[in-house]
Amino acid sequence: MSLDAEVKRAFSRGLNVSSNVFVSKLARMRAGKPARVLDLFAGCGGLSLGFHAAGFKIVGAVEFDRDAARSHGHNFHPGQEAHAQAIDITATGPDALAAKLDLGQTDQAVDLIIGGPPCQAFARVGRPKLREVDEHPEAFRHDPRARLYQEYLHYVEAFKPIAVLMENVPDVLNHGGQNLAEEICEVLEAKGYVAGYTLLNAAFYGVPQMRERMFLMAYRREVVDRIVFPEPTHWVKLPPGYEGSRAVALKFLKKDRLLEDAFDYLPPPEAVPDLTPAVTAKQALGDLPPIDARKELAKGRLKRGARRFDQIMPYGEAVRLSAYAQLMRSWPRFEAGNGLTDHVIRYLPRDYPLFARLNPGDQYPEAFQHANTMFEEALAARAAEGKPLREGSAAYDALKKSIVPPYDPGKFPNKWRKMWADAPARTLMAHLGKDSYSHIHYDHDQARTISVREAARLQSFPDGFTFLGTMNPAFRQIGNAVPPLMAKAIATQMAATLQISEESDYGHCTAAGTLQASA
C-alpha cells in the first residue's frame with residue numbers, strides 16, 4: 001500500500017495525521033526497509049536477538065548494567081564503542097541518545113520500542129499517579145519510584161514508535177493491589193495506541209524452559225486496530241504442583257477484583273497436545289561436552305576463583321544432534337565454530353557427591369535428607385574402621401559440615417532443584433549469578449550445577465552469542481533475559497500484524513515456528 005493510500009486510510013478512520021510520521025514509517029517498512037528497533041532496559045539482548053532473527057534491525061539499546069551493556073554492544077554492534085557503554089536512562093534523554101548513537105532525527109529514527117522497566121518502577125504509584133507522571137514532567141520529584149516509568153514514556157513520546165512491546169513478571173498483574181499492565185495500557189491508549197497484554201509460557205514457543213511472563217503490545221491506531229499474540233508451536237503438560245505463574249496471577253486478579261476492570265487483558269492463545277512436544281533439557285544440553293565435576297576436582301582442574309572465558313572447549317565427539325541443538329550451533333550470524341569458551345561451572349566441592357544422589361525433581365528438603373543419609377554412612381564407615389566420632393566433638397561437627405548443607409529445609413524449600421532430562425527446565429532467575437542451585441544437571445555422573453553455556457541454551461541463546469564479564473555476571477545476564485526464541489515468535493507476529501516482511505539483510509531464523517523435538 002502506498003504512503004498516500006495509508007494516509008487516506010488513516011483519515012478515513014478519523015485519526016489525526018497532521019505529521020504523517022507514523023504512516024510514513026509504516027510505508028517505509030512496507031517498501032522493504034528493515035523495521036528499526038530500540039531496546040530499553042535491554043540487558044544482554046534476549047529481546048533484541050529475537051527481533052533480529054525475525055528480520056528487524058537493532059539500532060540501539062539502553063542498559064544500565066555495565067557487563068550487560070558490553071554484551072549487547074559486542075553482539076549487535078561489534079567494534080562500535082558507543083553501543084557498548086552503560087546508559088542511565090534517567091540521565092540520558094531521547095535526543096541525547098539519538099545523537100550518541102548517530103540515529104538521526106529522534107522522531108524519525110525508530111519504528112519499534114521494546115523492553116520493560118523493572119516492576120519496582122511502577123510499584124504503588126497508583127493509576128492517578130501514573131497519569132500525573134505522564135502529564136507532568138516534574139512529577140517524579142515527588143515520587144522517585146515513578147522515574148523509570150516516566151523515562152520509558154518519555155522515550156515513546158519522543159521516538160514516536162509505531163509499536164511498543166513490554167515484558168515483565170506475571171506479578172505486575174497484581175502488584176500491591178494494582179494491575180500495572182492494565183494501567184500502562186491506559187496511558188499508552190491515551191497517547192494514541194491500541195494496547196493489550198497477556199501471559200505467555202516460553203515452553204510453548206520452542207524454548208526448553210517453563211518460563212511464564214507478561215507481554216504487553218501496543219500499536220499506533222493509525223496503522224493497526226487490534227492486538228494479536230503468537231500462537232503456540234509446542235506443548236507440554238506442566239508437572240504436578242507446577243501450574244505456573246499464570247494461574248497464580250489470575251487467581252489474585254480475581255481475588256482483588258482487578259480482573260473485572262482488565263479491559264485490555266487478552267486470554268493467551270491455547271497450547272494443545274497435538275502440537276510438537278516441548279523441547280526437553282536433554283535435547284537442549286545433551287550434545288554439550290560433559291563435565292564430571294568430581295573428576296575435575298580430583299585432578300585439580302576445578303578450583304575456587306573467578307571463571308573467565310579465555311579457553312576454548314571443543315564440542316568433542318560427534319553426536320546425533322537434536323533439532324534444537326543444531327539450531328543453537330548454527331543460528332545465522334551467531335555460529336559458535338568448533339568450541340565454546342563459557343562452558344564453565346561453579347566450584348562447589350561439598351555438594352558434588354550430593355548432586356549425584358539426587359533424583360530428578362528433588363528440591364532442598366530431599367537434598368537435605370540425602371545429605372544426612374550420607375553423613376550417617378560416613379559415621380558408620382569411621383566406626384567400621386575403628387575410628388568412631390563422638391557426637392558434638394570438633395571432628396564430628398567438621399565431618400557434618402563437609403557433607404550436610406547448613407540451610408533450614410523449612411525455610412528454603414525451593415532453593416535447590418535437580419532437573420528432569422525429559423522435560424523443559426524450570427524458570428531461570430537472575431540469582432543464577434549467586435549460586436545456580438535452582439538448576440542442578442540431570443546427569444548423575446556429571447553431578448554439578450549447570451554451566452554458563454547450558455544456562456544460555458536453556459534460555460535459547462545460540463552458542464555464538466557472547467556474554468562479556470566473568471561467570472557470575474554472565475549468569476545474571478542470562479537469568480534476566482527474555483528467551484530469544486520467545487522474542488522471535490512475538491517479533492514474527494508483530495511483523496505479520498504490521499504486514500511487513502520478515503526478510504532482511506540481518507539474517508532470518510525460521511526455527512521458532514518449525515523446531516522439531518528429537519532425541
So for the pair ASP310, LYS251, with labels modelled 7 Å out along Cα→Cβ, what separation do we get in nm? 5.0
Explain nothing, just compute: Karplus ³J(HN,Hα) = 6.51 cos²θ - 1.76 cosθ + 1.60, θ = phi - 60°, for every residue of segment 298-303 in order, whole Hz, x for Gly and Pro. 5, 7, x, 8, 10, 10
Pseudo-spin-label distance GLN108 to ALA318, built 7 Å along Cα→Cβ, given in nm, is 5.5
Placed amide H near VAL62: partners under 5 Å, 5+ positions off or other chain: ASP39, LEU40, PHE41, ALA42
Rounded to the nearest 500 deg cm²/dmol, what is the calculated helix-only ellipticity per residue at 222 nm for the chain, with -39500 (n - 2.57) per DSSP H run of length n ≥ 4? -10500 deg cm²/dmol
Segment 280-406: relative contact order as a whole-number percent, Cα under 8 Å and 6+ apart: 22
Just the number, please: percent antiparallel of the DSSP beta bridges in the chain, rounded to the nearest 5. 55
For the chain, with +1 on Lys and Arg beta carbons and -1 on Asp and Glu, the positive-most of GLY464, GLY392, LEU348 along the dipole: GLY392
Would you be so kind as to identify which of MET494, HIS154, VAL319 lies farthest towards the positive end of the dipole of the chain, taking Lys and Arg as +1 and Asp and Glu as -1 on Cβ and the Cα centre as origin? VAL319
Quick check: residue separation of LYS411 and LYS299 times 0.36 nm, minus the Cα distance between them. What number comes out in nm? 36.8 nm
Compute the FRET efficiency between ALA421 and ARG333 as 1/(1 + (r/R0)^6), taking r as their Cβ-Cβ distance and R0 = 45 Å, and round to the nearest 0.05. 0.90
Show me 412-421, 279-288 ranked by packing, highest mean number of other Cβ atoms within 10 Å first. 279-288, 412-421
³J(HN,Hα) computed for each position of segment 274-291 - Karplus, 6.51 cos²θ - 1.76 cosθ + 1.60, integer Hz, glycine/proline x: 7, 6, 4, x, 4, 6, 8, 4, 5, 5, 7, 10, x, 8, 6, x, x, 10
Tell me, what HN-Hα J-couplings in whole Hz come from the Karplus equation 6.51 cos²θ - 1.76 cosθ + 1.60 at θ = phi - 60° for each residue of segment 472-486, using x for Gly and Pro? 4, x, 5, 4, 5, 4, 5, x, 7, 7, 7, x, x, 5, 5
Amide H partners (placed H, <5 Å) of LEU340, local residues excluded: MET313, TYR315
Under 8 Å for C-alpha pairs, at least 6 residues apart: give me the relative contact order for segment 387-503, rounded to a whole percent. 20
About the Cα centre of segment 389-462, what is the dipole size in debye to 20, counting +1 per Lys and Arg Cβ and -1 per Asp and Glu Cβ, all else neutral? 180
Segment 154-216 and segment 250-316 have their Cα centres apart by a whole-number Å value of 22
Out of LEU101, PHE252, PHE375 - ranked by how far each Cα lies towards the positive end of the dipole of the chain, with unit charges on the beta-carbon of charged residues - the top one is PHE375
Quick one: compute the contact order of the chain, relative version, from alpha carbon pairs under 8 angstrom and 6+ residues apart, as a percent. 20
Please list, by residue number, every one of the GluC sites (Glu not before Pro) in segment 261-330 that is coil in DSSP and has at most 12 other beta-carbon atoms within 10 Å. GLU270, GLU317
In debye to the nearest 20, how big a dipole does the chain give about its Cα centre with +1 on each Lys and Arg Cβ and -1 on each Asp and Glu Cβ? 1080
Pairs over 19 Å Cα to Cα, from LYS303/LYS434; LYS160/LYS488; LYS25/LYS191; LYS237/LYS282; LYS237/LYS434; LYS25/LYS57, come to LYS160/LYS488; LYS237/LYS434
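The numbers here are math on the coordinates, done by the rules we state, and not lab data. For clarity, every value in this text was computed on a predicted model and none was experimentally measured. A quick note on method: Cβ atoms are made from the backbone with ideal geometry, for glycine too, and the neighbour counts reach across all protein chains shown.
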